[in-house]
Amino acid sequence: MGFAWMKNKDKLKEVFVKYNSAMPAQKTFQILKKYISKKDSVLNIGAGTCVLDEKFVEEGHKITPIDIYDGSLSDKVAPIVYDGRKIPAKNKSYSVALLMSVLHHVPDQKELLNEAVRVADRVIVQEDLVGGHKRKKAYSIFDNFINCDFNFNKNNYHSLEEWKQIFSELGLEICGKEKKKSYFVVDQAVFVLKPKAGFEA
């Protein structure tokens, strides 16, 4: 499961955490803090290595990581482990729910998005924007390799327009959007979402 194999390999873990703290996690944090204040309670769904969560904690934010397994490489933060479907939280328990490069791994994306909307006032989604069947298949193999998931299961990517359609079908309004480069020439988007007034799923 991803980087969990690295947990007991101290040297590798140290290098990975330092790299991610200095680069990807730091860049992501700089974007997210535009939309998240220290007053907000944050739920990070699919927290993975918890390197981003550690950054939030160090900066004085309230964040709760959650995942289907404990893959934390942080000495300060560990996730709540849950079944991947029903989030163990009451309705609107959090100000913000994060889904950072998580949805393309999920078989039922709409189900998880609905759960995120149930427990939080706002949802922030980060995803690589990949369109076209062949391109999605090739990028899926590359992404699994980068994430040390060597079974090469097909991931479920979408183009910008496809994501907009999914959000619209769920009654979610895009109230903020950031765009940056991911691997190679692939664009990555961060969407800030909230339910449309009066919408019933």
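The values are calculated or read from the model by the stated rules, or taken from the named source; none is laboratory data. Computed from a predicted model, the values in this text were never measured in an experiment. With ideal geometry, Cβ positions are generated from the backbone for all residues, glycine too; neighbour counts draw on all protein chains shown.
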- Message: Could you check the range 69-103 and list, in sequence order, the residues that are in a loop (DSSP other than H, G, I, E, B), among the β-branched types (V, I, T) and free of Cβ contacts under 8 Å to residues at least 40 places away in the same chain?
- Response: V77
- Message: Which residue is modelled with the lowest pLDDT, if the candidates are limited to the range 25-63 and must be among the polar types (S, T, N, Q) and under 20 Å from F191 (Cα atoms)?
- Response: Q26
- Note on the structure: Among residues of the range 69-118 being among the small types (G, A, S) and at pLDDT 95 or above, the residue nearest to A25 (Cα to Cα) is A97
- Item | Selection count where residues are at pLDDT below 85 and small (G, A, S), scope the range 130-175 | 4
- Message: Return the residues of the range 48-60 that are part of a loop (DSSP other than H, G, I, E, B), on the phi < 0 side of the Ramachandran plot and surrounded by fewer than 20 Cβ atoms within 10 Å (Cβ to Cβ); say none if nothing qualifies.
- Response: E59
- Message: Exactly one condition in (1) closer than 27 Å to Y157 by Cβ; (2) part of a loop (DSSP other than H, G, I, E, B); (3) touching an Asp or Glu at 6+ places or on another chain (Cβ under 7 Å) is false for P65; which is it?
- Response: (2)
- Query: Taking the condition without any contact (Cβ under 8 Å) to a residue 12 or more places away in the chain, out of contact with any Phe, Trp or Tyr (no Cβ under 8 Å at 6 or more places or on another chain) and either part of a loop (DSSP other than H, G, I, E, B) or aliphatic (A, V, I, L, M) (or both), does S37 pass?
  - Reply: yes
- Message: Within the range 104-123, take every residue that is outside any helix (DSSP H, G or I) and of a type in the set (A, V, I, L, M) and give me the one that is nearest to I174 (Cα to Cα).
- Response: V123
